[in-house]
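First comes the structure, then the notes that go with it.
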Amino acid sequence: MGEQTLRVLACGDVEGRIDALFNRVKTIQKKSGQFDLLLCVGEFFGSSAEALKEWDQYKSGAKKAPIHTYVLGAASHETVTFFPSADGCELADNIIYLGRRGIFTGASGLQIAYVSGREALQEPAPSHCFSPKDTAALVEPLVNTSKFKGVDILLTSQWPRGVWQYGNNPEVDPRYCGVTSIAILANQLKPRYHFAGVEGVNYERLPYRNHVVLQESAQHTSRFIALATVNNPAKKKYLYAFNIVPMKHMNPAELVKQPEDVTENPYRKALQEARRNAPTEEPASQFFFDLGKKKPQHQRQHQHHNQQRHQGQGHQGHQGQGHQGQGGQDQGQWQGRKRPSDADQFPGDQQHPKQPRKPPQPTGPCWFCLASPEVEKHLVVSIGTHCYMAVAKGCLTPDHLLLLPIGHYQSVVELAGEVVEELEKYKAAVRKFYKSIGKRCILFERNYRSQHLQLQVVPVPMDKCSTEDLKEAFMVQAQEQQIELMEIPEHTDLKQIAPPGTPYFYVELDSGEKLFYRIRKNFPLQFGREVLASEAVLNIPTRANWKDCKYTRTEEEELTKELRSQFEPFDFTMED
């Protein structure tokens, strides 16, 4: 199956910054090996004098794209002139315009559906817009065949309306984002990956189902990923890398495996609203692609000999992370239900809101409960109302810290709301502290064979390695040990993908990116330390096990005293 695996890069709006994009791609390929193709959504061209000058270099052949690049058509009136034909064509060496809408089917079997531009508000549709006729012509030939399961990839410039339903929230105003016609298109085509742009933000929605649990046969899941603009000042992610085996070559059982963080389909509600609001005098095909009518087929088949190659293994997910075929049972815990609030979890608190909750107590001895006689209090650096911070026993580096709840909680997902709030304040304070001394803040938790939450906080000097190097180190060592680390969206609540009692390993990088693994059995207890101690990161492999890093009590006291002094300017518990 390795030969059928394709390595793909997806990109948001380029807006004429073509050199910046291709320079970034060259850097990635130099580091991680060749990718098979680059897919660009949103506005590829820019109208500034500088953008025109850049494009002329590629158009004339003076410069060449370092990868087979496929772009969507104009998303504004200003850039229509760059596209000589609505049917698609080669714009420059290695840069291909897909067309107004259609199906790209490579020699590898990878199937990509695409719609260029924005939704038309009138007929006839302007050149930079698509109409209901375009989406109907795309959908009907596909879904009218009995063997149709879905497409591998869907490319659109605009977002589907309501895609955030049941999932994590994007940094956009939902009142003005997305169009229903794209939501309907995504619901019909069931893409494994759906990429979009034009909103200027990065949003990686949790995967969603394409079937109704217990009512329909299991189908593959879909992932919606919106990408930001190339070289945006906020440094939001605009490139996403992933590995994909074309659907036609996948084992059916492997294809329909459901990841642990899967949610309900977000589009059913949008479909119901659209049906209620649709004008009665218009035929259904105006908005819902009346699939009973036969229309001319508008499929375009593109063959590319390079798509059959898998050019080097590399590491999936340089800027992003491929997730197809993640194992695990279909949990179905969050089937469209609102995530429980603290009131839901602790209903008794609502009767006496002003009385502080007594923290949970251990049933036996605990080394980490602050009230316990077993706790080594000489390691404590700072104490808050619900949490405290201590030097790690057998610390990896002299400023390796632990964040712990004062009460007896086993993991982050079991914390009460007020404990979570203070824990976040501690995390923010430690990040500022480490940044002030030129270090990145890496946090990880192993909720496995432990009875009290210990959030490990390890600093890594900024001049040692980049955030991407850190991420790659975790991914590479995970692959070597057959651990399926998956990237989860920055603002995802762990409770949604790891209900209390679930064993897991979790990493949070200094960029806010999060990596997660649901532990099944035989997880290496020192995995987090091993990665950070490795030659690729801190290069202190002999300190991977805490038991090999013993200090005398006097040394520990001196270390704690020094850290307490250094952290004091950032310690919010010292404020009046």
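What the table shows:
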item: Rounded accessible area of Tyr409 (nearest 10 Å², 1.4 Å probe); result: 20 Å²
item: Residues whose placed amide H lies under 5 Å from that of Val179, excluding near-sequence neighbours; result: Trp159, Arg161
item: Solvent-accessible surface ranking, highest first, for Arg205, Arg161 at 1.4 angstrom; result: Arg161, Arg205
item: Under-5 Å amide H pairs with Cys387, H placed in peptide plane, nonlocal only; result: Ile406
item: Percent carbon-and-sulfur accessible area, the range 370-490, ignoring ligands, DNA and RNA, probe 1.4 Å; result: 49 percent
item: Over the range 432-576, equivalent-ellipsoid semi-axes from the Cα gyration tensor in Å; result: 26, 19, 18
item: Phi to ³J(HN,Hα) by Karplus 6.51 cos²θ - 1.76 cosθ + 1.60 over the range 114-128, Hz, x for Gly, Pro; result: 8, 9, 8, x, 10, 5, 6, 9, 8, 10, x, 6, x, 4, 9
item: Cα-centre dipole for the range 391-446 with unit charges at Cβ (Lys and Arg positive, Asp and Glu negative), debye to 20; result: 440 debye
item: Dipole of the range 438-547, positive direction: furthest Cα of Phe505, Gln477, Trp546, with charges on the beta-carbon; result: Trp546
item: The range 61-128 - percent of accessible surface contributed by carbon and sulfur, probe 1.4 Å; result: 50 percent
item: Listed pairs Lys439/Lys471; Lys377/Lys550; Lys31/Lys190; Lys63/Lys236 exceeding 21 Å between Cα atoms; result: Lys31/Lys190; Lys63/Lys236
item: Between the range 89-157 and the range 199-276, the alpha-carbon center distance in angstrom; result: 18 Å
item: Restricting the range 180-227 to GluC sites (Glu not before Pro) in coil, as DSSP defines it, with at most 15 other Cβ within 10 Å; result: Glu216
item: Whole-number accessible area per residue in Å² for the range 33-106, which is evaluated in the context of all protein chains at 1.4 Å; result: 40 Å²
item: Straight-distance crosslink candidates among lysines, where the alpha carbon sits under 20 Å from Lys521 and sequence neighbours closer than 8 are dropped; result: Lys257
item: Coil-residue trypsin sites (Lys or Arg not before Pro) of the range 479-576, DSSP, other Cβ within 10 Å capped at 16; result: Arg520, Lys521, Lys550
item: Per-pair calculated FRET efficiency, R0 = 56 Å: Lys149 and Ile540 via Cβ, rounded to 0.05; result: 0.70
item: Computed accessible area, Thr467, all protein chains, 1.4 angstrom probe, square angstrom; result: 20 Å²
item: Residue-normalised accessible area of the range 373-516, expressed per residue, 1.4 Å probe, Å²; result: 35 Å²
item: Thr552, Thr221, ranked by accessible area, largest first (probe 1.4 Å); result: Thr552, Thr221
item: Residue order for Glu445, Glu421 - accessible surface, 1.4 angstrom probe, largest first; result: Glu421, Glu445
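The values are calculated or read from the model by the stated rules, or taken from the named source; none is laboratory data. These figures come from a predicted structure and were not determined experimentally. Every residue, glycine as well, gets a Cβ built from its backbone with ideal geometry; the counts of neighbours run over all protein chains shown. In case anyone asks, the SASA skips ligands and DNA or RNA and just uses the protein heavy atoms, side chains included. Shrake-Rupley method; radii C 1.70, N 1.55, O 1.52, S 1.80 Å.
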